[in-house]
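Everything below concerns the one structure shown next.
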Amino acid sequence: MKLTPTSDIWMDGKFVAWDEAQVHVLTPSLHYGWGVYEGIRAYPTARGTAVFRLRDHLRRLHDSARVYLMDPGHSVDELTGASVELLRRTGLGAGYLRPLVYLDYGTMGVAPRLDSARVAIAAWPWGSYLGEKAEQEGCRLAVSSWQRNGVHSVPPLAKATGAYVNSALAKVAAVRAGYDDALMLTPGGHVAEASAANVFAVRDGVLFTPPVSDNILPGITRDTVITLARELGHEVREQSLTRSELYVADEAFLTGTAAEIVPVASVDDRPVGAGGCGPVTRRLREAFGDVVHGRTDTHDDWLTYV
């Protein structure tokens, strides 16, 4: 999706104009992918713009930085304040926030200098991640020949910039083959996740989703859906899944900050039972929409109002 520039980007405690937010071409994060980031959505509500689970995202940013031996140099409280002020300055009623921790220019090598972390936060408008057709009719997934990063290769628990080359290879191949997204497996053949979203299957009203041990990023939207599903009376099981179990699911859907909740229409050209947005997926999307748009008092603590 093409970027729409806004007025400012926050960089290391200062606001700079969008076109002036620059780093040197020899910044080591560009060469070796040593950086961590988050994706966060802000929504319109009756009380104004609200950021969904902002502090949870920023805590995960700090956790990812710890895995990669970096100190962001700014606390969760400081980054929360910077994010809210950035949205005020840009005037976005809804949009997407991208905090990034990366390494400063000055050294080069496969073992980079790790005490030079810099932080930036950008915000811009971002609509449907997989497109309106996928939102309404369900997305088409294909199991990728590219395996999901394993715990002994690149830590899946951390949201690292370089790690997403793995996802990008899978997504590009899927899109070129005519699908909406790729479904990635573990080395043992279990379902991990899509290129940038977690996966759920529904069978007889029970929700199944891969556990953290199957090389997933434990998504914040995933956690949200697990909570909402249980409140709606559904059993949720975090357990390993095979691709065949998705073939025979009553429903399936993806979750992620960018994707939100997107129904799955087919996996490897095999239609999921509901053939699109089934009743459980629909209820969860409605409950999710009520929460993020502030239409219910339930989980109001998940919203940070601008």
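Tabulated values for the structure
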read-out	value
Members of region 280-301 that are in contact with a Phe, Trp or Tyr (Cβ under 6 Å, 6 or more places away or on another chain) and in a loop (DSSP other than H, G, I, E, B)	HIS293
Search result, residues across region 1-52 that are over 23 Å from the mean Cα position of the chain (by Cα), surrounded by fewer than 16 Cβ atoms within 10 Å (Cβ to Cβ), part of a loop (DSSP other than H, G, I, E, B) and not aliphatic (A, V, I, L, M)	SER7, ASP12, GLY13, GLN22, HIS24, ARG47
Test for ASP63: is it in contact (Cβ under 8 Å) with a residue 24 or more places away in the chain and over 22 Å from the mean Cα position of the chain (by Cα)	no
Sole residue being touching a residue at least 24 places away in the same chain (Cβ under 8 Å) and at positive phi, chosen from GLY205, GLY219	GLY205
Subset of region 117-133 that is part of a loop (DSSP other than H, G, I, E, B) and out of contact with any Phe, Trp or Tyr (no Cβ under 8 Å at 6 or more places or on another chain) - its residue that is farthest from LYS171 (Cα to Cα)	GLY127
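Laboratory data are not the source of any read-out in this text; all were calculated from the coordinates shown. Keep in mind it's a predicted model, so treat the numbers as computed, not measured. Here the Cβ is made from the backbone with ideal geometry for all residues, glycine too, and neighbour counts use every protein chain on show.
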